[in-house]
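The values are calculated or read from the model by the stated rules, or taken from the named source; none is laboratory data. Keep in mind that what you see is a predicted model, and the values were worked out from it rather than measured. With ideal geometry, Cβ positions are generated from the backbone for all residues, glycine too; neighbour counts draw on all protein chains shown. Just the protein is used for accessible areas: all its heavy atoms, side chains included, with ligands, DNA and RNA removed. Shrake-Rupley method; radii C 1.70, N 1.55, O 1.52, S 1.80 Å.
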Amino acid sequence: MFVQVLPTALTPLGRALRQRHTTEAVIIGVTDTTPVAQALVLGRPTGGRMRAVGVSLPLTQQVRLAVASLLHASGEEMRELPGTVGGLPGAAPVRFWPVKPEVMVEIEVDQPSWSSATIATVRVFGGGAAT
């Protein structure tokens, strides 16, 4: 995992820093059928099971076209995750259509360094077959 520390705007406590992590995750779901609102539900293996760890920003057309042909429906009904998986405490639940965990993507996660919370912005950069 690559971690980069970047300065952010001034806060009442002085200059704050944020950390930018680049890592991998597996696509485990798609949130909507409307292209402008589609996002990816991302997972990572934990304790022998795939666990949801985040939701991407809405997909750009370029990313949507790149991953669409790689994703295969799992055949499960629509599922729901707590809104905190998307990174915002108190957010509405995230409803998504599960897909087979076959595609791994590189993601970039920004997190304020003063926060121990999991609030983060997830950007998807590329994909490939999960192994």
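General remarks:
- Residue among THR46, THR31 that alone is in contact with a helix residue (DSSP H, G or I) (Cβ under 9 Å, 6 or more places away or on another chain) and at pLDDT 85 or above: THR31
- Single unsatisfied condition, MET78 versus (1) modelled with pLDDT under 90; (2) exposed (fewer than 11 other Cβ atoms within 10 Å of the Cβ); (3) of a type in the set (A, V, I, L, M): (1)
- Matching entry among VAL99, VAL36 (being open to solvent by 80 Å² or more (accessible area, probe 1.4 Å) and either within 17 Å of the chain's Cα centre (by Cα) or closer than 24 Å to THR22 by Cβ (or both)): VAL36
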